Amino acid sequence: MGRPGLNRRHFLAAAGGLTVAGSFGFAALGTGADALASDAGTRVRYWNLFSGGDGYNMIAMLDAFREDNPGIDVKDSTLQWGSPFYTKLAMAAAGNRAPDLGVMHLGRVTGFSPGRLLDPWDVGLLAEYGVREEDFNPELWKRAVVDGKLYALPLDIHVQLCFYRKDVLGKAGLLDADGRMVPVTSADEWFDVLKEAKKATGKGLQTIGLWVNDQNFQWWFFVAFYTQLGGTWFDDTRTEVTFDTDKAVQVLEFLRRHITDGYADPGFGGGAGAEQFVNGAPFVWEGNWSVPVFSGAELDYGATPLPAVFGKPATHAESHSFVLPHQADRGGAANEGAHRLAAYVVQHARQWAGGGHIPAHTPTLSTAAYRELEPQNEYVTAMDHQATEPKVWFAGSTGILAQRVGPIVVSSTMGSAGPETAARRMRSTLTELLATKNPMDGRTAAEGGAVA
């Protein structure tokens with residue numbers, strides 16, 4: 001049977017559970033490229049979701065591309081981050097009004113109906129512009145492949161990190177000879193570190209900020225430590241749940257202990273952990289996008305992947321990736337321009353790394369310019385120890401999986417549900433989601449081509 005067509009009703013169902021503002025509004029981060037440059041023969045329309053520091057870094061990279069490629073005019077538009085962006089992108093692709101190039105979180109690609117709402121990349125054309133499979137981490141590239149075709153070109157990975165204040169840890173005797181945090185290989189060692197750090201922490205400050213009441217962060221932390229334990233989610237056919245509740249309980253107990261032992265204050269919710277870190281708290285678990293914030297505050301700090309408390313290194317990772325939103329007539333100069341632009345940015349991601357992200361293009365990681373970046377050069381090993389969500393249609397950044405399971409993790413961390421109860425609820429939710437059809441195309445995970 002062929003796939004059902006995606007009409008407006010299908011799309012609105014697919015957007016169910018997403019909070020979409022009355023207007024999708026563009027953020028005014030363009031660089032005045034609205035009119036086709038007089039000497040440009042090709043226009044490439046490019047949508048992204050980068051605002052703040054990310055946005056300004058991207059603009060600088062686009063301006064450099066324009067200077068090097070005067071025959072291509074890039075009309076870039078920055079849309080509202082999160083669900084509104086994905087909703088508008090899906091509507092544009094379904095209505096044949098899609099841009100030539102877009103950006104998505106890699107974990108969302110499988111659920112975006114590759115082959116219908118996304119067009120595959122021409123890997124031969126990418127190779128002509130200098131980008132090849134061997135230039136990427138094998139697992140990262142594999143995640144971008146669906147049904148044997150490349151549907152995403154990774155730009156970076158962004159990871160959850162353990163930020164630490166060197167001044168505080170120095171007083172606590174927790175720095176090694178190189179001035180970096182002492183290595184941690186078990187949960188007991190980690191809580192010993194927190195115990196010593198607490199003694200050197202100023203009054204009114206918690207020892208560690210870890211977003212105890214945020215469903216996204218708590219889910220990301222769970223994914224990291226569950227992966228450290230070797231936990232799995234589903235079998236290879238996506239027909240059976242293999243979620244291990246015993247391992248889940250270990251992770252949930254570990255997260256909860258930060259509060260019960262007095263290291264994380266449940267009263268400091270949201271971004272208060274980062275504020276406390278700036279004010280002298282020894283630790284905060286945050287995304288690598290906080291690097292510009294902490295560096296701008298001129299802190300003496302470092303950053304490592306989340307501690308390997310269960311033995312196996314693994315830290316939660318997602319990836320910004322370039323995609324080709326579906327166009328009925330894709331091809332020609334605009335399509336080639338989209339390939340050229342994406343390949344250029346991927347290969348010139350040194351500036352992008354300034355925002356804290358780890359470039360996906362591995363040759364960039366070996367350059368002297370990248371090796372000099374601090375603290376990026378301390379946590380670059382996260383590229384080889386990525387803990388990612390399962391490759392199913394309901395996963396991905398701020399996706400349905402995080403929306404449904406994240407609050408359960410929070411309930412355990414905050415103490416309103418016991419770890420055993422929470423683990424059973426997580427498994428039950430995974431079972432329900434596995435049997436649910438993707439509103440984008442009416443197929444379950446087992447039917448959705450999720451296996452590369």
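Have a look at the DSSP beta bridges in the chain and tell me what percent are antiparallel, nearest 5. Of the beta bridges lying entirely in the chain, close to 70 percent run antiparallel. Within the straight-line cut-off of under 21 Å between alpha carbons, the lysines reachable from residue 199 are 166, 171, sequence neighbours fewer than 8 places apart in one chain being disregarded.
Taking label positions 7 Å along the Cα-Cβ direction at both residue 295 and residue 132, the computed distance is 3.1 nm, reported to one decimal. Against the main long axis of the alpha-carbon atoms of the chain, helix 83-94 sits at an angle near 20°. What shape does the stretch 48-126 have by the C-alpha gyration tensor, where a ≥ b ≥ c are the square roots of the eigenvalues, rounded means a/c under 1.5, and otherwise prolate means a/b greater than b/c and oblate the rest? Note, shape of the stretch 48-126 comes out oblate. Residue order by solvent-accessible surface for 46, 301 is 301, 46, largest first, with ligands and nucleic acids left out and a 1.4 Å probe.
Between the Cα long axis of helix 245-260 and the first principal axis of the chain there is an angle of about 60°, rounded to the nearest 10. When the C-alpha to C-alpha distance is required to be over 29 Å, the pairs from 198/312; 88/391; 142/195 that qualify are 142/195. Charge dipole (Cα centre; +1 on Lys/Arg Cβ, -1 on Asp/Glu Cβ; no other charges) of the stretch 238-296 amounts to roughly 80 debye. Treating each Cα of the stretch 60-171 as one equal point scatterer and applying the Debye formula with no solvent, the log10 of I(q)/I(0) at q = 0.14, 0.17, 0.20 Å⁻¹ comes out as -0.75, -1.02, -1.30.
So if we plug the beta-carbon distance of residue 330 and residue 167 into 1/(1 + (r/R0)^6) with R0 = 56 Å, what FRET efficiency do we get, rounded to 0.05? For R0 = 56 Å, the calculated efficiency reads 0.55. When restricted to Cα atoms, the chain yields an Rg and a Dmax of 22.1, 67 Å, respectively.
The length gained on full extension between residue 432 and residue 246, counted as 0.36 nm times the residue separation minus their Cα-Cα distance, comes to 65.0 nm.
Under 20 Å from a label point set 7 Å out along the Cα-to-Cβ vector of residue 279, the amide N atoms of the stretch 175-212 belong to 197-212. Semi-axis lengths, largest first, of the ellipsoid equivalent to the stretch 285-343 are 38, 18, 8 Å, with √(5λ) applied to each eigenvalue of the Cα gyration tensor. Distance between the 7 Å Cα→Cβ label points at residue 253 and residue 213: 2.7 nm.
How large a share of the accessible area of the chain, in percent, is made up of carbon and sulfur atoms when the probe is 1.4 Å and the other protein chains stay in place? Carbon and sulfur: 49 percent of the exposed surface of the chain.
In this structure residue 126 has an accessible area near 0 Å², from a 1.4 Å probe over the protein heavy atoms. When the Cα convex hull of the stretch 227-362 is projected onto planes of every orientation, the mean area is 13.2 nm². Let me know the shape class of the stretch 296-452, please: from the alpha-carbon gyration tensor, a ≥ b ≥ c as square roots of the eigenvalues, rounded when a/c is under 1.5, otherwise prolate if a/b is greater than b/c, or oblate. In terms of gyration-tensor shape, oblate.
Accessible surface ranking for 326, 385, 1.4 angstrom probe, highest first: 385, 326. Legend: calculated FRET efficiency, residue 116 to residue 235, from the Cβ-Cβ distance at R0 = 35 Å, rounded to 0.05, equals 0.85. Each 5 Å bin from 0 upward holds the following percent of the Cα-Cα pairs of the stretch 384-452: 3, 16, 22, 22, 17, 12, 6, 2.
With protein chains left intact and a 1.4 Å probe, residues in the chain average 39 Å² of accessible area per residue.
Taking 0.36 nm per residue of sequence separation and removing the Cα-Cα distance, the residue 178/residue 97 pair yields an extension gain of 23.8 nm.
The values are calculated or read from the model by the stated rules, or taken from the named source; none is laboratory data. Model, not experiment: these values are computed from the prediction. All Cβ positions, glycine included, derive from the backbone under ideal geometry; neighbour counts span all protein chains shown. Ligands, DNA and RNA are excluded from the accessible area calculation, which covers all protein heavy atoms including side chains. Shrake-Rupley method; radii C 1.70, N 1.55, O 1.52, S 1.80 Å.
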